[in-house]
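This report refers to the structure that appears directly beneath it.
We did not get these values from a lab; they are worked out from the coordinates using the rules stated. Note that this is a predicted model, so its numbers are computed, not measured. Here the Cβ positions follow ideal geometry from the backbone for every residue, glycine too, while neighbour counts run over all protein chains shown.
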Amino acid sequence: MRSRHWFFLVGVLLYVAGVGFVIAGARSARRAPTADAPVAVVTPIATVKQIMKGIVAPAAMAVFNSVSTTVSVKGIEEKAPETDAEWEALGNSAAALIESGNLLLMGSRVVDKGDWLKYSQDLIESGKAALKAAQAKSTEQVLASGEKINESCDNCHRKYQRSS
Ligand code: HEC
C-alpha cells in the first residue's frame, strides 16, 4: 500500500513537471524573434560634430577635389580620376556621404521632423548622384553632384550649425 502511494506521488510530480515544461516551451516560443524583428539595438555614440569632422568633411573634400580645372601660365590643367582604383575611391567617398546622411537620421541626432530630415535626405541624394557619377566614370556628373553636395551642407548649416 505504502509503495503504491509513493509511485502515485512520483507520477503526479512527473505530470506537473511535464505541464511546466510545456508552458515554458510555449512561452519561449512566443518570445522567439520573428523574421522582421530587429536583430540589434543601435545606439548613437558620436556627436554630430564628430561625424561632420570625421566622416562628412573628408568624404566631401575627396569628392570636391577629385575633379578640378586649374588655369595657370602653363595653360589649362584638367584633373579627374583616371584609373579604376581612383574612380572606386571616389565612389567610396560618395558612399560615406550617403551613410553619414543615414547617421544624421538616427535616434537622438534627429533635431526635428522638418528641415533636419529634408537636409539629411538632400545629403543622401547628392551623395547618391556622386556615387552614380563615379560608377559611370563621368567627370561632368561628378561636378554636378559636387554642387548639390555643397548646397546640402550650406542649407543645413545655415539653419542648424551653432556658432562654435
Ligand atoms: C542635416 C544637417 C547637416 C548637413 C547636411 C551637413 N551638416 Fe555639417 N554640421 C551640422 C551641424 C548641426 C553642425 C554643428 C555641430 C556642433 O557644433 O555641434 C555641423 C558642423 C560641421 C563641421 C564642424 C565645424 C566646426 O569646426 O565646428 C564641419 C566641418 C561640417 N559640418 C561639414 C559639413 C559638410 C562638408 C557637409 C556637406 C557635405 C555638411 N557638414 C553637411 C549639420 C549638417
Relative contact order of the stretch 39-142, pairs being alpha-carbon contacts under 8 Å that are 6 or more residues apart, as %: 29 percent
Cβ crowding within 10 Å averaged over residues, with 88-94, 70-76, 42-48 ranked highest first: 88-94, 42-48, 70-76
Burial order of peptide ranges 121-130, 78-87 (average beta-carbon count within 10 Å, highest first): 121-130, 78-87
